[in-house]
Amino acid sequence: MKSADLRLLIQAGESSTLEFKESLPAALARDLVALANAEGGRVLLGVRDDGSVLGVKDSSALRARVQDIARNCDPPVGVSVGAVGGVLVVEVRESDAKPVQCSEGFFL
């Protein structure tokens with residue numbers, strides 16, 4: 001994804017396929033499961049609800065944590081993680097094996 005594409009996504013605002021998070025939330029598994037149980041989508045880490053970009057430190061540890069959370073869902077959620085302009089972009093694939101759940105249950 002390019003910076004221009006990211007700006008367009010943020011300008012469009014949150015939706016059923018796009019979530020903004022200021023940082024790595026404790027309940028990220030819920031967001032991943034909800035997107036996987038629907039049509040897939042993206043979680044942008046480092047973006048406030050109003051669309052302003054705070055950014056996050058792009059580290060291999062943060063990427064690994066996101067991958068770990070996705071892997072611990074049942075069945076595992078397919079994600080790809082990349083960084084654009086200080087924002088960590090988590091792309092969530094729609095699951096072929098619905099319903100997906102996390103330790104807190106199912107989310108749609």
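Computed from the coordinates by the stated procedures, all read-outs in this text should not be read as laboratory data. In this text, all values refer to a predicted model and were calculated from it rather than measured experimentally. Here Cβ is always computed from backbone atoms with ideal geometry, including for glycine, and neighbour counts include all displayed protein chains.
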Exactly one of R30, R65, R42 is within 22 Å of D5 (Cβ to Cβ) and either assigned to a loop (DSSP other than H, G, I, E, B) or not acidic (D, E) (or both), and that one is R42
Residue pairs within 9 Å by beta carbon, gap of at least six or interchain, first lying in the range 40-63 and touching a residue at least 40 places away in the same chain (Cβ under 8 Å), second assigned to a strand (DSSP E or B) and surrounded by fewer than 16 Cβ atoms within 10 Å (Cβ to Cβ), listed first then second, are G40/E91; G41/S15; G41/E91; R42/E91; V43/E91
The condition from (1) under 14 Å from the mean Cα position of the chain (by Cα); (2) farther than 24 Å from C102 by Cβ that S3 misses is numbered (1)
Would you confirm whether or not the range 51-61 contains a residue that is surrounded by 20 or more Cβ atoms within 10 Å (Cβ to Cβ) and either basic (K, R) or within 13 Å of the chain's Cα centre (by Cα) (or both)? no
Exactly one of L44, L32, L18, L28 is more than 21 Å from S103 (Cβ to Cβ), crowded, with 17+ Cβ neighbours inside 10 Å, among the aliphatic types (A, V, I, L, M) and within 11 Å of the chain's Cα centre (by Cα), and that one is L44
